[in-house]
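These notes are about the structure you will find just below.
The values are calculated or read from the model by the stated rules, or taken from the named source; none is laboratory data. Remember, it's a predicted structure, so these values are computed and weren't measured experimentally. As a convention, Cβ positions derive from the backbone with ideal geometry for all residues, glycine included, and neighbour counts pool all protein chains shown. Note: areas computed on protein heavy atoms with side chains; ligands, DNA, RNA excluded. Shrake-Rupley method; radii C 1.70, N 1.55, O 1.52, S 1.80 Å.
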Amino acid sequence: MTKSRTINAQTELYGIIGKPVGHSLSPVMHNAAFEHLGMNAVYLAFETDDTDAASRAMRCLGIRGYSVTIPNKESIIRYLDEPDDTVIKIGACNTVRNRDGRLQGTNTDWIGAIKALERITSLAGKRAVVLGAGGSARAIIYGLIRSGVHVTVCNRTIEKAQRLSEEFGCTPLALEEAERLSGHILINTTSVGMGKLQDDSPLSKKGVENYDIVMDIVYAPLETKLLGYASSLGKKVVNGLEMLLLQATAQFEFWTGQPAPEQVMKKALEDAVRQSN
Ligand code: ATR
């Protein structure tokens, strides 16, 4: 039997702001962590794209922390009192904490990706090919460059890859070019492989052959077509849940200052994914 939690006048409030947030997996992870550690805190999903109001609500109601998701990651920045270096460099904020009315922002998306990779490889001096040049790619490329990785970014819209490359110091190419590339690590940050594009892969099986590690940030389905190719070729694979989990554990630590119970959060995440399938 699950022990019921006491909600009282001291309960601390956390949440996610985004639109939509109905399918977010963040509430199950953070609430499992609070419960496990016996913390008097709850985490809710707030469906809004009004970052002005959401930041005022945070100060006014004393909400302790926000996860920030699409479409709010960029627009929240102007309401922060203290965006850290990662927010400024990446140009997106996925985590806010409220310290006595001052809103401090950070970005843990890059930490999730880098930690997931560091568990299976060292990074300095390695070569990575990143597919896609959107918001997720920005955070991951920031992390890769900071870790000493040489990055090639391939995107359908080449201009976006070029812009990103000028900023971060990587090499831009068109997405089709990725078929003939090679490297230690291949990372898909495009939406190819999810939703309507579930039966598609951003690269052919042949294109995957030239890498040791293949990572996909898509987590529904858990095994994308791209990761299916990689597994069948005996490559090491990193699925999107790993990055999701590790960006969440970094958020938890930023808010609470204590180590996140990773295994508890992982189990909650996996149970939720299993139930939604
Ligand atoms: P996110 O925040 O998840 O990165 P995004 O900023 O909308 O989302 O970026 C989506 C990425 O997926 C982009 O690189 C996009 O390519 P374009 O810049 O050319 O739009 C890529 N993408 C989306 N659909 C795609 C498709 N059908 N084929 C190839 N790339 C696609």
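With the highest mean first, a sort of the peptides 25-32, 162-169 on other beta-carbon atoms found within 10 angstrom per residue produces 25-32, 162-169. Note on region 53-210: antiparallel DSSP beta bridges, both residues inside, total approximately 35 percent of the bridges counted. For the chain, the per residue solvent-accessible surface stands at 47 Å², with DNA, RNA and ligands left out and a 1.4 Å probe.
Using 0.36 nm times the number of residues separating SER232 and GLN198, minus their current alpha carbon distance, what extension gain do you get? Don't skip to the answer; put the middle values down first.
Working: separation 34, 0.36 × 34 = 12.24 nm, distance 1.79 nm.
Stretched out fully, the SER232 to GLN198 stretch lengthens by 10.4 nm.
Using only the C-alpha atoms, the convex hull of the chain corresponds to 131 Å³ per residue.
What does the net charge come to around ALA230 if you take all other residues with beta carbon closer than 11 Å to its beta carbon, with K and R at +1 and D and E at -1?
On the way: positive: LYS205, LYS225, LYS235, LYS236; negative: GLU209, ASP212, ASP216, GLU223.
Taking every Cβ under 11 Å from that of ALA230, the sum is 0.
Per-residue 3J(HN,Hα) values for region 237-247, derived from phi via the Karplus relation 6.51 cos²θ - 1.76 cosθ + 1.60 with θ = phi - 60°, read 10, 10, 8, x, 5, 4, 5, 4, 5, 6, 6 Hz in sequence order (x marks Gly and Pro).
Please give the peptides 227-237, 244-254 ranked by average Cβ packing (other Cβ atoms within 10 Å per residue), highest first, as a rough proxy for protection.
Details: 227-237: 16.5, 244-254: 22.8.
My ranking of the peptides, most packed first, is 244-254, 227-237.
The angle between the Cα long axis of helix 109-118 and the main principal axis of the chain comes to about 60°, on a 0 to 90 degree scale.
With a 1.4 Å probe and every protein chain kept in, tell me what percent of the accessible surface of the chain is carbon plus sulfur.
Working: 6550 of 13120 Å².
Carbon-and-sulfur percentage of accessible area, whole number: 50.
Each label point was placed 7 Å from the Cα along the Cα-to-Cβ direction; for ARG180 and HIS23 their separation is 3.7 nm.
Under 5 Å between amide hydrogens, built in the peptide plane, is the criterion, and for VAL153 it picks out VAL130, THR171, LEU173 among residues at least 5 positions away or on other chains.
Summarising the label geometry, the points placed 7 Å from Cα in the beta-carbon direction at GLN258 and ALA124 lie 3.4 nm from one another. Roughly what would the spin-label model give for MET39 and HIS150, points 7 Å off Cα along C-beta, in nm? Output for this residue pair reads 4.2 nm. Averaging 1/r over every pair of different alpha carbons in region 93-202 and inverting the result gives a Kirkwood radius of 14.8 Å.
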